[in-house]
1. When the chain is treated as a GNM, springs tying every alpha-carbon pair under 10 Å, which of TRP293, TRP37, TRP105 comes out with the largest mean-square fluctuation?
2. Hey, rough spin-label estimate for ARG247 and LEU190, points 7 angstrom out along Cα→Cβ, what's it come to in nanometres?
3. Considering the values (i) 26.4; (ii) 23.2; (iii) 22.0, which represents Kirkwood radius over Cα pairs in Å as calculated for the structure under consideration?
4. Mind listing the long-range amide H neighbours of VAL341? Cut-off is under 5 Å, sequence gap 5 or more, other chains count too, H placed in the peptide plane at 1.01 Å from N.
5. Under unit Cβ charges (Lys, Arg +1; Asp, Glu -1), what dipole magnitude, rounded to 20 debye, does the chain have relative to its Cα centre?
6. In terms of the Cα gyration tensor, with a ≥ b ≥ c the square roots of its eigenvalues, is segment 379-441 rounded because a/c is under 1.5, prolate because a/b exceeds b/c, or oblate?
7. Using a 1.4 angstrom probe on the protein heavy atoms only, could you order LYS69, LYS349 from most to least accessible area?
8. Just tell me which aspartates and glutamates come within less than 14 Å, Cα to Cα, of LYS197; anything on the same chain fewer than 8 places away is out.
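The values are calculated or read from the model by the stated rules, or taken from the named source; none is laboratory data. Please read all numbers here as calculations on a predicted model, not as lab measurements. Here the Cβ positions follow ideal geometry from the backbone for every residue, glycine too, while neighbour counts run over all protein chains shown. Areas reflect the complete protein model, heavy atoms only, side chains present, ligands, DNA and RNA absent. Shrake-Rupley method; radii C 1.70, N 1.55, O 1.52, S 1.80 Å.
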Amino acid sequence: MAQEKKNTQLVAIITMCFIFAMISFVTNMGAPFGNIWGEHFPFAKAWGNLMNFAAYLFMGIPAGKMLIKYGYKKTALIALIVGIVGLLVQYLSSLVGAGTEVFTWSGYETTKWVDGVKQTFTQDIHVTLNLFIYLLGAFICGFCVCMLNTVVNPMLNLLGGGGNKGNQLIQIGGTMNSLTATLTPLLSGLLVGEVTKDTNMGDVAPLLFIGIAVFAISFFIISRVQIPEPTLGKEQPKYERSPLAFRHCLLGVIAIFFYVGVEIGIPMELNFYITDFTKGSADIGGSVAAAYWLMMLVGRASSSAISGKISTRTQLTFVSTVAILLLLIAIFMPESSTFTVSEKEIPVKCIFIAACGLCTSIMWGGIFNLSVEGLGKYTEAASGIFMMLVVGGGIMPLIQEAMANSIGFINSYWLVIAMLAYILFYAVIGSKNVNTDIKVD
């Protein structure tokens with residue numbers, strides 16, 4: 001009986017890690033696809049990413065309630081169907097709407113940075129229907145990944161028994177997440193090559209079809225495995241307080257808001273910077289951005305090996321500090337220091353930016369683990385709130401992109417440093433549970 005329970009738990013862990021991988025595959029389409037749309041609509045480079053994360057704001061709490069009403073398995077299956085629809089809508093933007101003008105943005109001011117010099121010119125932009133179809137698809141995919149995130153994080157934490165072991169399982173799942181996160185910008189760059197006015201979503205259709213196939217296979221697998229359902233069939237717990245009554249949870253959801261902005265903003269702006277620096281080489285930009293996600297994979301794999309021995313708080317404090325130092329080096333290093341990739345000169349500072357992936361790799365799991373520690377019956381409700389605040393992955397990179405247009409790509413990383421400083425504060429001070437008097441059972 002004990003062996004059967006152990007086998008069921010192992011299958012559940014593998015399944016959750018598989019779902020974790022699917023989340024990043026879809027989410028990371030935003031930045032490389034932004035290079036395509038940005039060539040036609042300069043103002044829209046970060047909009048697909050924004051729409052993907054904006055869905056979290058609307059779906060975060062409902063997704064948490066779905067866990068209680070329908071259980072983990074059914075919520076995951078619904079999410080996968082929604083994901084297939086979202087990817088199909090994005091593909092639809094390559095087939096229709098390109099010739100249908102919705103409005104014209106007259107006198108739009110475009111900024112280009114050439115050799116560190118800001119050049120500005122104006123143009124009339126004819127905004128067509130296919131952009132809105134793509135954004136709708138990105139928004140629908142956001143609902144999918146929000147639901148999947150709501151399932152996978154508390155489940156892995158639960159299967160690990162909370163604490164350092166729970167964080168260890170989240171890091172193992174995160175390793176799978178980083179693997180697919182590495183592939184998305186890399187494959188997109190290889191499919192597109194040089195970004196031109198003729199580049200469109202049809203060029204990355206194979207990537208969308210891969211996503212659809214993976215979601216379909218995931219649906220088949222998950223529908224046939226047994227997953228523990230700790231909340232299914234139980235009455236919804238009565239909450240005397242809000243999860244935000246716990247100070248460490250309140251400060252934690254703010255940390256998650258900033259963290260997702262950091263995780264997405266670093267490689268997105270790096271991709272845009274390299275593509276612009278190399279005058280449209282999306283393949284090189286995608287490869288350098290993929291290096292960031294590869295570093296996240298290495299970091300998560302390393303953390304999963306040590307998380308049972310080194311506390312989550314210690315790890316989060318260390319990586320926050322190192323990430324700040326790496327970005328400071330990148331900001332102050334001269335752009336004239338370069339190395340060659342495919343006969344293109346790339347600034348050495350990009351290596352330090354990509355290396356931040358080693359640091360951000362453990363932040364999601366670490367913040368989530370510390371924030372729900374000791375919440376008891378409030379855990380599922382807190383998870384829904386967490387998902388809402390993931391909208392930071394759309395808002396903060398949009399602000400960073402606006403800063404990049406104003407003060408330059410590299411200087412926009414000052415915003416990232418400020419967010420990392422808050423995460424460091426949370427690790428050292430804000431993550432301590434000072435509300436142990438609140439009943440959680």
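1. Per the Cα network of the chain with a 10 Å cutoff, TRP105 tops the list.
2. In this crude spin-label approximation the distance works out to 5.1 nm.
3. Among (i) 26.4; (ii) 23.2; (iii) 22.0, the one calculated here is (iii).
4. Sorted by chain and number, the residues that satisfy this are ILE346.
5. 1640
6. It is oblate, given that a/c is not under 1.5 and a/b is not larger than b/c.
7. LYS69, LYS349
8. GLU39
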